[in-house]
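Chemist: Pasting a structure here, questions to come.
A short reminder: the numbers here are calculations on the coordinates, not readings from a lab. Bear in mind that the values here come from a model prediction, so they are computed numbers and not experimental data. Backbone-built Cβ (ideal geometry, glycine too); neighbour counts: all protein chains shown.
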Amino acid sequence: MARPSVQNKRSSQSLFTPIASKEADLKIVLLGESAVGKSSLVTRFASNAFDADKESTIGAAFIVKKYYVTDPETNEVKLINFQIWDTAGQERYQSLAPMYYRNASVAIIVFDLTDISSLTKAEFWIAELEAYNREEHKIQILLVGNKSDLSKNENDNQISETVERLKVPYFKTSAKEGTGVDELFKYIVDSIDDGIFVESRETLDLDQKSKKSSCC
Amino acid sequence: MGRRKGYQKITEMSQVDHKSNKGGLMQANGSGSLPFFFKSLTNGSSNSVDRPSIDSRRSSHRWDSETSSPKPMKFQDDDEDWDDDILSDLTIKGEKFPPFRGDDDTTKYLNSIVNQPDSISVKEPTVELQKSPLNKSIRKNFKSLIKDPLSLLSDLDLAEEKKIYGVKFEKFYSILQDEQTNEEQELNKLQNLSWNGIPKRLRMIIWQMLLRYMPINNSRRVAQLERKRQEYQQSLSEMFKDSKKDNNVWHQISIDIPRTNAHVKFFSNTKIQDSMSRILYIWAIRHPASGYVQGINDLVTPFFHVFFENYMENDFNVQEDDIEELSQSTGFEDILKAVEADTFWCLTKLLDTIQDNYIHEQPGIHRQISNLVKISEKVDNALTEHLEEHGLQFIQFAFRWMNCLLMREFRLELVIRMWDTYLSEFPQGFKDFHVFVCCAFLMKFSEELKEMEFQDLIMFLQDNSKTSHWNDKDIELLLSEAFIWQSLYKNQLTYT
């Protein structure tokens, strides 16, 4: 498995915030059994941090992350504004889920690699979203097996059978160690339809400012 | 989703920190959202925020003058019958013994019960004493405190308590010392006094009295406590007998307990965690309509904290001091046993008032939220319109406020202060009054919120660091404001 350390990768990046010419909001929802690491996955992505004692999510939590990329063809800088709904996993909260996935473009369904019963819940969510997709707009569905740091590959056969049957993109991650998280979100970024980008507010703001300064 | 482009990420900015440019908004500006004619009510009492005198029935600060108009009390289960059939509704499902940390402890614990099934009374220290002396943090008279919590009255440093709490302490003290004539009147006095906060040393007793768990009446108190604790022990041994447990329930509890206030040492202690797990498990099995729901674990902690503190010397800080050593010492098990049983019953009493918050589809919470919307519209229509305009639904931030009774929004010691008032409003405190507290809480930030758009709104409302500088005075102001909204808009609430 490719395993570049996330820290190294980040520290090599430039510290300045680039000015994006285009931007897009991307709504993501996380679903899955309780305590599989949904919140930890988001925290790793948004803040590059991990808290083993993170309290359980109640209802849902909202997290925002600005993510800049350059288009390899045009060298254009684009901003993706991730708006992530991280839902609570316990069964009792299930009836709240539609409110959060209804407007999502991407659903990340998470299960725990060391707890095979959580895969059943993941299948449930995939089935529910596919049923929703048949009637409404398309939500891209991704399956994530988390806690790869704890996994001894004991459930691999069953997992690969399931993944094959479900026909959804599958990722292995460790929110604790940061493994696979960048790959997951890079995949999401790469699948974004160009059509959703609009002219960036950052550029507009800059135009405003330069106009102001030039006139005074 | 379109073609894959292989974008190259160049840098990123996490927008978790939205507070940086808003230093000013953290000011506790309690009266900001109040109509001018209320400002004097809430601002006037800078030293201690008095309960506002709007409701004439409860307006008196002099409890001794209230005998003429006692508040109608609606409770009946202070005697023998509440929750009596603890053993009859036990259902033990599941076949396999799920792995969980602490099985050994539970077994040991249960054996100790089985060995002395007829008595909850404290085991005489024998050889153990030499091995593990009484920890200096445990009160010397802990045995009598367990048996009759009111025995602490003879042990108090009155001068010291008066120095801290002033005349308020004397009032509490005289009620507790009184050879009661009328239990309801006594309770009524305690309710009125408790609204403005309870002295720390008396908190366990008063809380248990306000919940109608501990009888105020001297003649019944000791026997009642002993019986309820014994009942709990019996249900424990029944429930964990044959090592059969409801796997799903136990699994959910065992993954939640380690992350319940995990940053506080006290709650990361194994024995404390096992004890809380047992409480939650038995409550869940006895209430199959709701079962265990995340958030109920939070509700155990104030009880546990307050009850445990009752047996500790004044210099012991439950949240900061290390209890590893303490948990090995003589007396700890006895204290834990009493605290566990008392917590179980008090949690049960509390949850009885809000059980539909946790049943299927959580209708209680949805009702509370729609009441919150309704009241907020009355109090500050511009704000609710602003939220609506930006597509923010109350459920997206207030669900947690209801499900965890605002416990995720405040530090535990502030929650405990809040519960003094909630318990004095028992049984409506955690249900209806709470909605007004949520409204007052929302209004605290009305001006800032009106400047924000969806993304900042939701993040600000979910971020609990906005109360990190709050202290008891801020909570008391919040409660006073809630009281005002309640007296104005109580008739607007929907109950079904």
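Chemist: Listed here are the pairs A:LYS172/B:LYS444; A:LYS121/A:LYS176; A:LYS54/B:LYS271; A:LYS138/A:LYS172; which of them are more than 32 Å apart at the Cα?
Modeler: Numbers: A:LYS172/B:LYS444 44 Å; A:LYS121/A:LYS176 22 Å; A:LYS54/B:LYS271 20 Å; A:LYS138/A:LYS172 24 Å.
In this structure, A:LYS172/B:LYS444 lie more than 32 Å apart at Cα.
Chemist: Give the calculated FRET efficiency between B:ARG227 and B:ASN317 to the nearest 0.05, with a Förster radius of 30 Å applied to their Cβ-Cβ distance. Could you put the intermediate results ahead of the total?
Modeler: Details: r = 33 Å, r/R0 = 1.10.
For B:ARG227 and B:ASN317, the calculated efficiency is 0.35.
Chemist: Residues in region B:207-223 near a label at B:LEU156, defined as backbone nitrogen under 13 Å from the 7 Å Cα→Cβ point?
Modeler: B:207
Chemist: What ³J(HN,Hα) values, in whole Hz, does the Karplus curve 6.51 cos²θ - 1.76 cosθ + 1.60 give for region A:106-120 when θ = phi - 60°, with x put for Gly and Pro?
Modeler: The phi angles translate into 10, 10, 9, 9, 10, 9, 9, 4, 8, 10, 5, 5, 6, 5, 4 Hz.
Chemist: What does the average come to when, for each residue of peptide A:64-71, you count the partner chain Cβ atoms lying within 10 Å of its Cβ? Don't skip to the end; give the middle numbers.
Modeler: Numbers: counts 9, 5, 5, 7, 7, 8, 5, 4.
Taking the mean over all residues of the peptide, I get 6.
Chemist: Let me ask something else. Can you give the relative contact order of chain A as a percent, counting alpha carbon pairs under 8 Å and 6+ residues apart?
Modeler: Details: 339 pairs, mean separation 56.8, N = 216.
Answer for chain A is 26 percent.
Chemist: Name the long-range amide H neighbours of A:PHE171: under 5 Å, sequence gap of 5 or more, or other chain; modelled H, no Pro or chain starts.
Modeler: So A:PHE171 has HN proximity to A:LEU143, A:VAL144, A:GLY145.
Chemist: Can you flag which of A:LYS27/A:LYS186; B:LYS143/B:LYS189; A:LYS65/A:LYS186 are past 24 Å Cα-Cα? Don't jump to the answer; show the numbers that get you there.
Modeler: Values: A:LYS27/A:LYS186 15 Å; B:LYS143/B:LYS189 29 Å; A:LYS65/A:LYS186 13 Å.
The pairs that break the limit, which is 24 Å between Cα atoms, are B:LYS143/B:LYS189.
Chemist: Any idea how far the Cα center of region B:442-496 sits from the one of region B:251-299, in Å?
Modeler: What the calculation gives is 28 Å, centre to centre.
Chemist: Taking loop as defined by DSSP and a crowding limit of 12 other beta carbons within 10 Å, which GluC sites (Glu not before Pro) in region B:398-465 fit?
Modeler: On the way: sites: B:GLU409, B:GLU413, B:GLU425, B:GLU447, B:GLU448, B:GLU451, B:GLU453; in loops: B:GLU409, B:GLU425, B:GLU451, B:GLU453.
Those satisfying the criteria are B:GLU451, B:GLU453.
Chemist: Something else now. For the cross-link pairs A:LYS22/A:LYS147; B:LYS162/B:LYS473; B:LYS147/B:LYS200, which exceed 25 Å when the distance is taken from alpha carbon to alpha carbon?
Modeler: A:LYS22/A:LYS147
Chemist: Could you please state, rounded to a whole Å, how far the C-alpha centre of region B:371-433 is from the C-alpha centre of region A:29-57?
Modeler: Here the two parts' Cα centres lie 25 Å apart.
Chemist: Once phi is turned into θ = phi - 60°, what whole-Hz ³J(HN,Hα) does the Karplus curve with 6.51, -1.76 and 1.60 give for every residue of region B:278-287, x standing for Gly and Pro?
Modeler: Along region B:278-287, the couplings run 4, 4, 5, 5, 5, 4, 5, 5, 7, 10 Hz.
Chemist: Would you please give the residues with an amide H less than 5 Å from that of A:LEU26, counting only those at least 5 places away or on a separate chain, with H modeled from the backbone geometry?
Modeler: Answer set, sorted by chain and number: A:ASN81, A:PHE82, A:GLN83.
Chemist: Going through region A:39-127, which GluC sites (Glu not before Pro) have at most 15 other Cβ atoms within 10 Å and a DSSP loop state? Write out the running numbers ahead of the final one.
Modeler: On the way: sites: A:GLU55, A:GLU73, A:GLU76, A:GLU91, A:GLU123; in loops: A:GLU55, A:GLU73, A:GLU76.
Answer in residue order: A:GLU73, A:GLU76.
Chemist: Within 10 Å of each Cβ in B:386-398, how many Cβ atoms from other chains are there, averaged over the peptide?
Modeler: Per residue, the number of nearby Cβ atoms from other chains is 1 on average.
Chemist: If you don't mind, another one. Counting only residues 5 or more places away or on other chains, whose amide H sits under 5 Å from the amide H of B:MET312 once H atoms are built in the peptide plane?
Modeler: Placed amide hydrogens put B:ARG139 under 5 Å from B:MET312.
Chemist: If we count other beta carbons within 10 Å of each Cβ, what is the order of B:LYS490, B:LYS171, fewest first?
Modeler: Details: B:LYS490 15, B:LYS171 19.
Sorted ascending by nearby Cβ count, the order is B:LYS490, B:LYS171.
Chemist: While we're on this one: Taking only C-alpha pairs under 8 Å that are 6+ residues apart, what is the relative contact order of region B:148-285 in percent? Don't skip to the answer; put the middle values down first.
Modeler: Details: 69 pairs, mean separation 23.0, N = 138.
Dividing the mean separation by the residue count of region B:148-285 yields 17 percent.
Chemist: Shifting gears a bit: Top mean-square fluctuation among A:LYS167, A:LYS176, A:LYS27, Gaussian network model of chain A, C-alpha springs under 10 Å?
Modeler: Maximum fluctuation in the GNM of chain A, among the listed residues, is at A:LYS167.
Chemist: Can you work out ³J(HN,Hα) from phi for every residue in region A:38-51, in order, using Karplus 6.51 cos²θ - 1.76 cosθ + 1.60 and θ = phi - 60°, giving whole Hz and x for Gly and Pro?
Modeler: Per residue, the Karplus-derived 3J(HN,Hα) values read 4, 5, 5, 5, 5, 4, 4, 5, 7, 10, 6, 9, 8, 10 Hz.
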